[in-house]
Amino acid sequence: REKLVEVKNIKKYFPIKGGFLKRTVAHVKAVDDITFDVYKGETLGIVGESGSGKSTLGRMILRLLDSTEGEIRFDGQEITNISQRKMRNLRKEMQTIFQDPYASLNPRMSVGEIIEEPMVVQKLMSKNEREKRVINLLETVGLNESARNKYPHEFSGGQRQRIGIARALSTRPKLIIGDEPVSALDVSVQSQVLNLMEDLQDEYGLTYIFIAHDLSVVKHISDRVAVMYLGKLAEIAPKESIYKKPLHPYTQALISAVPTTNVEEEKERVVLEGDLPSPSNPPSGCPFHTRCPEAHERCKIERPQLTNMGGGHYVACHLYTEPEPKIAENAEQD
Ligand code: SF4
Ligand code: MG
């Protein structure tokens with residue numbers, strides 16, 4: 001399969017200044033050495049609690065935020081260090097849909113202007129052609145042509161998110177990153193917007209990165225799901241695999257919290273103890289060891305690496321990795 005996005009060992013460390021001289025005294029490791037690919041035409045769901053680094057990761061892929069280290073490729077091109085000027089040409093190929101359809105649409109602009117804006121910024125087409133495209137896009141997202149001359153406040157949350165989607169589509173992007181695009185909407189409206197996004201994906205061959213804070217929202221729409229914890233990838237796998245057989249204890253806890261209607265699927269609820277530790281002072285070894293019901297001595301010392309379990313299923317957990325050879329030798333001597 002062809003890759004649209006390749007993320008290699010990407011890191012984002014935010015400095016914490018302190019003391020009289022305002023020197024950097026520590027770093028918040030918002031994203032700490034993450035590697036994954038996104039294939040053309042798929043939807044990758046990225047799930048994590050707030051503070052897991054999922055939004056930071058999305059913003060680095062869009063180059064709205066520079067990364068501290070690592071490499072990001074978009075459609076085969078290295079974009080980590082290219083200038084903002086060169087990036088401007090690529091902007092039209094990647095768009096975003098924001099969480100809050102109330103805050104993300106400029107209240108002083110008409111809906112027509114809002115949808116047209118990315119095309120104006122990109123200097124795409126003539127004024128006439130852009131207006132035709134706006135009407136076309138409104139229809140595409142299920143809104144009436146008359147919406148063009150109205151203002152955002154005249155629309156419901158779900159309708160506003162449709163406007164946000166039309167705007168994202170305006171430049172004919174290859175990639176759309178949705179940062180919790182349905183979290184602010186009622187559950188009944190959520191599924192309508194998700195269905196629309198799926199239809200548009202098939203129609204335009206779009207690739208989605210769909211960021212969410214829980215696994216239930218991305219269950220329907222994702223082809224693969226990545227789970228983040230404290231700036232690191234805990235697990236990444238095809239959807240069927242991760243929901244049926246989650247391997248990481250953190251994913252298992254998240255999955256057990258997803259409500260189920262199927263009685264036979266009734267599962268034991270795993271409740272996580274304790275709060276998410278601070279990303280400025282993450283636990284040693286496995287970042288999850290302070291809350292993990294399976295934690296053992298090794299987990300406190302050694303950071304587990306993402307390990308290929310076959311079938312595209314990767315997990316970072318010592319339950320699935322061999323101990324370091326040194327430890328194995330010692331064990332033999334016993
Ligand atoms: Fe739990 Fe250890 Fe696996 Fe981390 S490495 S998830 S602490 S068992
Ligand atoms: Mg799909």
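Which condition from (1) closer than 30 Å to SER216 by Cα; (2) surrounded by 19 or more Cβ atoms within 10 Å (Cβ to Cβ); (3) more than 16 Å from ligand 1 (Cβ to nearest atom); (4) over 14 Å from the mean Cα position of the chain (by Cα) is the one that LYS8 breaks?
Only one criterion in (1) closer than 30 Å to SER216 by Cα; (2) surrounded by 19 or more Cβ atoms within 10 Å (Cβ to Cβ); (3) more than 16 Å from ligand 1 (Cβ to nearest atom); (4) over 14 Å from the mean Cα position of the chain (by Cα) is unmet by LYS8, namely (2).
Yes or no: the stretch 14-37 includes at least one residue that is within 16 Å of LEU175 (Cα to Cα) and either within 15 Å of the chain's Cα centre (by Cα) or of a type in the set (A, V, I, L, M, F, W, C) (or both).
For the stretch 14-37, residues within 16 Å of LEU175 (Cα to Cα) and either within 15 Å of the chain's Cα centre (by Cα) or of a type in the set (A, V, I, L, M, F, W, C) (or both): present.
Checking the condition in contact with a strand residue (DSSP E or B) (Cβ under 8 Å, 6 or more places away or on another chain), among the aliphatic types (A, V, I, L, M) and within 18 Å of LYS92 (Cα to Cα), which residue from ILE176, ILE211, ILE163 passes?
Every option except ILE176 fails the conditions.
Tally up the residues in the stretch 214-234 that are buried (at least 19 other Cβ atoms within 10 Å of the Cβ) and either in a helix (DSSP H, G or I) or away from ligand 2 (no atom under 13 Å from the Cβ) (or both), please.
13
Looking only at the stretch 12-69, count every residue that is crowded, with 18+ Cβ neighbours inside 10 Å, hydrophobic (A, V, I, L, M, F, W, C) and part of a strand (DSSP E or B) and tell me the total.
The number of residues fulfilling the criteria is 9.
Which number in (1) in contact (Cβ under 8 Å) with a residue 12 or more places away in the chain; (2) more than 21 Å from ARG172 (Cβ to Cβ); (3) in a loop (DSSP other than H, G, I, E, B) marks the one condition that SER104 misses?
Status for SER104: all satisfied but (2).
Confirm whether ILE176 is in contact (Cβ under 8 Å) with a residue 40 or more places away in the chain and either among the β-branched types (Val, Ile, Thr) or in a loop (DSSP other than H, G, I, E, B) (or both).
Here the answer is yes, as ILE176 does meet what is asked.
In the list LEU233, LEU169, which residue meets the criterion of being closer than 27 Å to ARG1 by Cα, in contact (Cβ under 8 Å) with a residue 60 or more places away in the chain and out of contact with any strand residue (DSSP E or B) (no Cβ under 7 Å at 6 or more places or on another chain)?
Within the list LEU233, LEU169, the selection yields LEU169.
Only one residue in ARG291, ARG303 is in a loop (DSSP other than H, G, I, E, B), within 23 Å of TYR13 (Cα to Cα) and modelled with pLDDT of 80 or more. Which one?
None of the others qualify; the one that does is ARG303.
The values are calculated or read from the model by the stated rules, or taken from the named source; none is laboratory data. Since this is a predicted model, take the numbers as computed values, not measurements. We place every Cβ from the backbone using ideal geometry, glycine too, and count neighbours over all the protein chains shown.
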